[in-house]
Every structure is written in C-alpha cells, then in structure tokens.
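The values are calculated or read from the model by the stated rules, or taken from the named source; none is laboratory data. These figures come from a predicted structure and were not determined experimentally. Backbone-built Cβ (ideal geometry, glycine too); neighbour counts: all protein chains shown. Protein only, heavy atoms only, side chains kept; ligands, DNA and RNA dropped before computing areas. Shrake-Rupley method; radii C 1.70, N 1.55, O 1.52, S 1.80 Å.
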Amino acid sequence: MSANSTAVRRKRAATAGFHLSAGALALLWLLPIALVVVTSLRSFDDIAANGLGSWPHSFTLDNFSLAWVDGGQQRALINSLIVTVPCVLVTLALAAMAAFALSRYEMPLRRSLLLLMLGGNLLPPQILLIPVSKLSEMMGVYDTLPALIGVQIGFGVGFYVFVLHGFMRSIPVEIQQAAVVDGAGPWQIFWRIILPLTRPALAALSALSFTWIFNDLLWAITVLRSDTKMPITAALIGLQGQYVSMWNVIAAGSVIAAAPTVAVFLRFQRHFVAGLNLGAVK
C-alpha cells in the first residue's frame with residue numbers, strides 16, 4: 001500500500017507539474033497578444049501620458065476607425081481576400097486532382113513527380129524573388145493581383161499534392177475496385193468516393209493555406225508596387241510609417257489583420273484536429 005501511495009503521489013505531482021508548466025507557457029504566449037489588444041483599445045493621450053506598458057486609464061474604438069478608413073486597412077483587407085480565397089480554392093482543387101491520379105493509378109515516373117514537387121518547396125524563396133519579379137514584368141502582369149495569385153498557386157500546389165497523396169494512398173483500394181465494378185468512372189470515383197473521404201485533410205489544409213497566403217508578405221512586395229493593390233500584411237508597414245508614434249492605431253491595424261485568420265481557424269478547428277489525428281494514425 002505504501003508503494004502504491006507513493007506512486008500515486010508521484011503521478012499526481014507529475015501531472016500538476018505538467019499543467020503548471022503548460023499554463024505558464026500558454027500565459028507567456030498569450031501575454032503579447034493581450035498587450036496588443038489592450039493597446040488597440042487605449043487612447044493616444046492615455047499612452048502618451050502614462051506610457052505603453054502602464055495600466056490603461058481610458059478606452060476608445062476610434063483607433064479601429066483610423067486604421068480601417070484613414071490607414072487603408074479596408075482596401076488592403078479586400079485585396080487580401082481577393083488573393084487568398086481564389087488561391088485556396090484553386091490550389092486545393094488542383095492538388096486534390098493531382099494527388100488522386102498519383103495515388104490511385106499506376107503512372108510512369110510517379111515517384112519522380114512527387115519528389116520534384118517536394119523538392120520545389122525546399123528551395124529558399126529568397127533565391128527566386130528576382131526571377132519571379134522579372135518574369136512577371138516580361139509577362140506584363142507585374143503590379144497586378146493576378147500575378148500574386150499565380151505565384152501563390154504555383155508555389156503552394158506542390159506541397160498540398162504531397163500531403164494529399166499520403167491521405168489518399170491510405171484509402172483501401174477495395175473501395176475503388178467496388179466502384180469500378182459498379183460502373184463508376186475516374187471522375188465519379190474522385191468526386192463521390194475519394195474526395196469525401198479526404199475531407200478532414202482538405203479542411204486542415206484549407207485552414208493552413210488560408211493562414212499562409214493571407215499572412216504572406218514576401219511575395220506581395222515582390223510582384224506588387226502600388227499601395228492600392230497591397231494586401232493587409234504589406235499595408236501594416238505603410239500604417240506604421242503613417243502613424244509612427246501612435247501605437248494604438250498600429251495595434252488596431254494588427255488586430256484587424258489577425259481577425260480573419262483567427263476566424264477561419266476557429267471555424268475549421270474540429271476538422272483541423274481530425275486531419276492531424278488522421279495523419280498521426282495513418
């Protein structure tokens with residue numbers, strides 16, 4: 001009994017230590033976010049009089065109005081959605097069809113194609129900035145949103161094909177064989193059988209893809225030049241230059257920029273976790 005009691009106490013102590021450590025790390029991670037949110041609600045006079053790190057004395061929503069209208073966040077958010085939504089839909093559609101063909105059918109050089117797609121994502125994007133910029137100028141699409149959409153699709157589809165290939169490959173081949181016996185063609189097998197079974201993976205990749213594309217800054221400042229066409233991440237740089245010392249307005253712009261990705265993640269959270277679990281036990 002004594003040995004059992006000691007083991008139970010050690011287990012409880014280990015569990016309590018784990019929760020305390022995890023709670024401390026979570027608090028440390030949430031502290032900067034809370035500081036940005038609180039700063040976005042403070043008035044400029046409050047920050048100027050008491051300091052950025054002081055306890056807030058007054059709150060206002062005017063900072064969001066300044067960032068939204070005068071700071072150009074409204075236009076930038078629309079640009080980001082114009083780029084992000086088509087990129088996510090087109091990229092996942094192309095990746096799903098390519099992964100279906102590579103995972104369910106015997107094709108020549110199938111492994112080489114997968115390795116080529118994966119290898120393309122291992123290249124540092126910095127070495128491709130100048131070639132992509134020059135190529136967009138030669139094609140006459142420089143400083144246009146379609147150019148940014150094309151770049152995001154081109155550099156994203158390879159990774160998504162590689163991921164979806166692993167999910168689709170784990171689907172039992174007997175399901176496909178039964179569909180073939182019933183007279184289903186490749187498109188019907190893809191649309192009615194494989195795609196619904198891959199829904200958790202598609203949902204997880206949708207959330208990740210939306211976050212990556214929406215928060216991208218590098219390719220935006222590479223193929224775009226006009227302020228009116230910049231996405232919201234690039235517009236935050238302009239907002240910082242416009243309101244140099246008004247940290248409350250800059251913080252409000254940051255909250256606006258982060259809100260869509262947070263909303264998407266919360267919307268797809270259940271599917272996202274299901275996709276990760278499916279990949280873990282595959």
What shape does the stretch 1-67 take by its C-alpha gyration tensor, where a ≥ b ≥ c are the square roots of the eigenvalues and a/c under 1.5 counts as rounded, a/b above b/c as prolate, and the rest as oblate?
-> prolate
With a ≥ b ≥ c the root eigenvalues of the C-alpha gyration tensor of the chain, is it rounded (a/c under 1.5), prolate (a/b larger than b/c) or oblate?
-> oblate
Rounded to the nearest 500, what is the 222 nm mean residue ellipticity of the chain from helices alone, with -39500 (n - 2.57) per DSSP H run of 4+ residues and division by all residues?
-> -24500 deg cm²/dmol
Using a basic spin-label model with each label point 7 Å from the Cα along Cα→Cβ, how many nm lie between Thr15 and Gln269?
-> 2.4 nm
Expressed as a whole number of Å, what is the distance separating the alpha-carbon centroids of the stretch 223-242 and the stretch 174-220?
-> 34 Å
Ignoring ligands and nucleic acids, what accessible area does Ser54 show with a 1.4 Å probe (Å², nearest 10)?
-> 30 Å²
Work out the charge dipole of the chain with +1 on the Cβ of Lys and Arg and -1 on the Cβ of Asp and Glu about the Cα centre, then indicate which of Ala235, Tyr105, Pro86 is farthest towards its positive end.
-> Tyr105
Could you tell me the accessible area of Asp227 in Å² (1.4 Å probe, neighbours in place), rounded to the nearest ten?
-> 120 Å²
With a ≥ b ≥ c taken as the square roots of the eigenvalues of the C-alpha gyration tensor of the stretch 1-159, please select rounded if a/c is under 1.5 and otherwise prolate if a/b is larger than b/c or oblate if it is not?
-> oblate
Determine the dipole magnitude for the stretch 1-118: charges of +1 sit on the beta-carbon of Lys and Arg, -1 on that of Asp and Glu, nothing else is charged, the reference point is the Cα centre, and the result goes in debye to the nearest 20.
-> 980 debye
Counting only heavy atoms of protein chains, what accessible area per residue, in Å², does the chain have with a probe of 1.4 Å?
-> 59 Å²
Scanning the chain for helices, which whole DSSP H stretches are 15 Å or more long along the axis (Cα) and average -1.0 or more by Kyte-Doolittle?
-> 2-41, 73-104, 110-122, 145-169, 199-214, 247-267, 269-281
Given H placed 1.01 Å from N in the peptide plane, which residues other than close sequence neighbours of Arg42 have an amide H under 5 Å from its amide H?
-> Thr60
Label-to-label distance, nm, for residues given as Ile221 and Leu27 (7 Å Cα→Cβ offset) | 3.6 nm
Computed for the stretch 134-248: size of charge dipole around the Cα centre, +1 on C-beta of each Lys and Arg, -1 on C-beta of each Asp and Glu, debye to nearest 20, value 40 debye
Report, in whole Å, the centroid distance computed from the Cα atoms of the stretch 109-156 and the stretch 10-77.
-> 36 Å
In square angstrom, rounded to the nearest 10, how much accessible surface does Phe64 have for a 1.4 Å probe?
-> 50 Å²
